[in-house]
Structures are given as structure tokens and as C-alpha cells.
Amino acid sequence: MDEPRVFTASDLRTGLQAEFEREITADDVTSFAALSGDRNPLHVDEAYAAQTNYGGRIVHGAFQVALASAMAGMYLPGRQVVVGSFQCRFPAPLHYPSRVRVQGEITAWGPRTASGTLRVRVIDLSTITLTSEVHVGFTLHEARCTRFEEAEAGTPPAEDRPIVLITGATGGLGHRLASILSGNYRVIGMARSIRAAPEQMTDRGVEWVAADLLSGDWELAVERQLRGRGLHGVVHAAWPAGPQGSLLDVETDAVRTQVDFGSVTTIRIARLLRSLSGSSARFVILGTTAATIKPVMNMSAYSLGKAALEHTVRLLAPELARSGITINLVAPSFVPIGMNSSKTGRAILAETAKVPLGRLCSPEDVCCAVEFLLSGGAAFVTGQTLPLTGGQL
């Protein structure tokens, strides 16, 4: 295929499929080894590979990831795609020369965020064996432009959009949320230092306020930034670094910080939202399955603080409901971003193996859940924890 296919946001849907076949030759693998610098003899030295338990040379795993990239960039979704993440597993070796079939399927799609997940499977046609499965997180790069063109054509300007405050907006998930939500909301990103705010986010209409949730007067900074404008909602994505160790070993002040952040700080945000919102508003909080669902023993203070966060949400729900405000918590399982970005490849594979859906929770999964809870469709949902587990028990 010389030219990539073109799928627009309106064309895409969950279940949409595409496939292609190709030969993999010794020259292909040699060229890939030269380009990547990975000349491991298991891939390029026939005599060496024959003496291993694989019995012969095998194709690089990264070569198969490149096939997934070809599926995304050329076939599905095609020309408008921007890849945000790869999650891979290799259940069987792929020997060469060989002929493979590359199958792609949209397994998740959020039209409002123009983002989703593509599952790519590489099958060795000589043995009909699945040799790799790659989950590709993606967005459509022209969807953002279309959104702004529609705004110029008559949709409300940014100043008239509902205002959403995002705490921790320079963190991994907070940054992604600010980027996506800025298409439908006027976003105010809260960060401990504005110097950490990405310049391109300001170009999208994101405002920034420097405020430290661990300080005593951060509410005043937010109120000054709002300049009398009301809040539609708050997305609480901030969290202090979690100390390593058990509850008996961690310093008492470190435990207190985690528990206070899950309770007192959350209550302060709820009070601010109630004072600055109108007849209805949304409070969406990012939690984790590593709280009450699967606490982490070597980060016990972190798990305790996040568990306190869940109970704070439940207790605040009936109180905030009297003011027409909903409060809910999104609890993703392992997401390979933020504090998990430094995890080793082995750790990533181990986490992936725990998920029945066969992939990790992606930032796009979290953003779609948050967008729903901010929307009018979630008007009767409050006091709930929404676990994003991929089927884990």
C-alpha cells in the first residue's frame, strides 16, 4: 500500500477491522538490525541461534511492533493517526523467512476525545501461530483542528465554555486530561509551579494557576484566577509522592500526609467547589485499585491514603448532593505513565499478564471515564468508585 487509508472520527467504531499480509525475509531482519542497532545473534546469527532452545533465528519483537505501527499508520485508523502508546506481548517466537498476517481491530473508541485503542495480532501463516499481540493507544491528529474550526463556525468560544479545574495538571494523567478536556471545557490547570506547564497547552486555551495543595492558602490563588467566574467541575488528579515501606516502618508524618491528602485536602476542594459552582457541578477524583481493591504492602501509606479517599467520596456524596453536585472516583489499575513510567519491561509484562483483556489500562481509558462523569449523562451518578480493571478480580 503506497498511500494510507483515511478514516475520520465519524468513520471509526469499536469492532472495525483491517488486515494485511507480508513476507519477512533475512534481508528484512538484517536491515532492521542495522537500523535499530540490535544485532543480537539470536536474530542475525544462524549458527548461534541453531544452538539455542529456539532452534533458529527469530524476528525481533520490535520488528513486530513496527508491523503494528504499519497497521495503525497505513490501514486502521490510517493517515490521521497519532500513536500514544504500545503495550506488547509475544506468546510465541516468529522464525524467518516467513509469511505473516497482521490483523487490526478497534477495541476502544471515544468519539468526543478522538482517541482509542487498536489491537494488532501478528500470525505466522506457516503454523497459524499468534506470535505477538500489540495494543496501540492512539488519537486522530486532525480531530483537534476540526474541533477548533467548528468553534470558529459558531460553537461557543472558549470564554463561554464551562470551566473545569484540574489539580496535578502537569503530571502524566493530569496533563493528558487537560489536553483532552480543553476541547469542550475552559480548563484551569493547577500546578505547584507554572514553570512546569507545557507551552502548547496555553495555546489550546488552558489557563494555569500556581497553587500547592499542601499549603494553607491555595484556595485564594484559585479564586483569584477565576476572577468571579463559576466552576462547572473539578478533576482532582494530584497526589503527593508515596513513601516506600510498611506502615510500621514509614515515618509518621509521611503516613499523615497521605491520609490527610485523601481526606482533609479532598474536603477542602469540595468546599471550594460548592462555594464557586452554581446549581450543579461535577467533582471527579482519580484514585487507584491499589487502595481497597488491591492494597500494596510495600506502599502501605499510599494505599491507606487512597482508601481514605474512597471513603471521603462516599461520605461527601449526600452532603454535596444537596447543592446539586455529584462526586465520583475513577480507580484505574496499573497505567504505564507517571510514577509507573520508570517500571522495567519485565514489570510491564507481569502487570499485563494479570489483565484478562490482555492489555494495561491506558490514559485514554481514564480520560473517557472522566469525561463521562463530567457530562450530563452522569447526572444521577454520585458517591461511586468506578474501577478500571480490565476484568481483574
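Only a single criterion out of (1) surrounded by fewer than 20 Cβ atoms within 10 Å (Cβ to Cβ); (2) touching a helix residue (DSSP H, G or I) at 6+ places or on another chain (Cβ under 8 Å); (3) in a loop (DSSP other than H, G, I, E, B) is not satisfied by residue 342, namely (2). When each of 335, 355, 366 is tested for being closer than 27 Å to residue 272 by Cα and either within 12 Å of the chain's Cα centre (by Cα) or part of a loop (DSSP other than H, G, I, E, B) (or both), the lone residue that passes is 366.
For the range 250-269, taking the residues that are under 27 Å from the mean Cα position of the chain (by Cα) and among the charged types (D, E, K, R), the one that is farthest from residue 331 (Cα to Cα) is identified as 268.
Could you look through the range 114-133, keep only residues that are among the β-branched types (Val, Ile, Thr) and assigned to a strand (DSSP E or B), and pick out the one that is farthest from residue 77 (Cα to Cα)?
129
No other residue among 370, 381, 366 is closer than 21 Å to residue 86 by Cβ and either without any contact (Cβ under 8 Å) to a residue 24 or more places away in the chain or of a type in the set (Val, Ile, Thr) (or both) apart from 366. Go through the range 78-98 and count every residue that is among the small types (Gly, Ala, Ser) and surrounded by fewer than 16 Cβ atoms within 10 Å (Cβ to Cβ). Here the count works out to 1. Of all the numbered requirements in (1) surrounded by fewer than 21 Cβ atoms within 10 Å (Cβ to Cβ); (2) in a loop (DSSP other than H, G, I, E, B); (3) out of contact with any Lys or Arg (no Cβ under 8 Å at 6 or more places or on another chain), residue 231 misses one, and that requirement is (1).
Values quoted throughout were computed directly from the atomic coordinates according to the rules given, and no laboratory measurement underlies them. Treat the numbers as computed from the prediction; the structure is a model and nothing was measured. Backbone-built Cβ (ideal geometry, glycine too); neighbour counts: all protein chains shown.
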